[in-house]
Amino acid sequence: ELIGTVSIPMTIGTVGGSIAIHPAAQFSHELLMNPSAKELAAIIASIGLSQNFAALKALVTDGIQKGHMNLQVKSLALTAGATEEEIPQIIQLLKEQKHINLETVQNILNKIRKR
């Protein structure tokens, strides 16, 4: 059983402020089923804990940088129009490249599709 706690000095409110005037804040608050300030604080803390656990997992497995780079490459590949099936090939071919950017990913994607 894994138990985590977090103590964060923050003031959380659910009335007024940005919630009253910001459409995205209003939408988010409604999406969470209009939690009270105490419930919202618990949600925020749980998100912080889950991010911390994800970072710890990355540290003890492949490492944060490798995981982050794979996410970056996947994002570039999707932006270039790659399908989920093409992404592993793109990642493999990018290992041979000096510079990883959208243009490089597009060139690799074109080569894959010409095969």
- request: Could you check region 1-61 for helices (runs of 4 or more DSSP H) lying wholly inside it with 1 or more residues that are out of contact with any helix residue (DSSP H, G or I) (no Cβ under 8 Å at 6 or more places or on another chain) and under 28 Å from L71 (Cβ atoms)?
  value: 23-31, 37-60
- prompt: Before we move on, is N107 in a helix (DSSP H, G or I), over 30 Å from S7 (Cβ atoms) and of a type in the set (S, T, N, Q)?
  reply: yes
field: Selection from region 16-29 of residues that are loosely packed, with under 10 Cβ neighbours inside 10 Å and closer than 21 Å to S46 by Cα
entry: A24
Single residue of region 67-98 satisfying the filter (assigned to a loop (DSSP other than H, G, I, E, B) and touching a residue at least 12 places away in the same chain (Cβ under 8 Å)) that is surrounded by the most Cβ atoms within 10 Å (Cβ to Cβ): A82
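No value in this document is a laboratory result; all are computed from the given coordinates. A quick note: this is a predicted structure, and the numbers were derived from the prediction, not measured. Neighbour counts run over all protein chains shown; Cβ positions are idealised from the backbone, glycine included.
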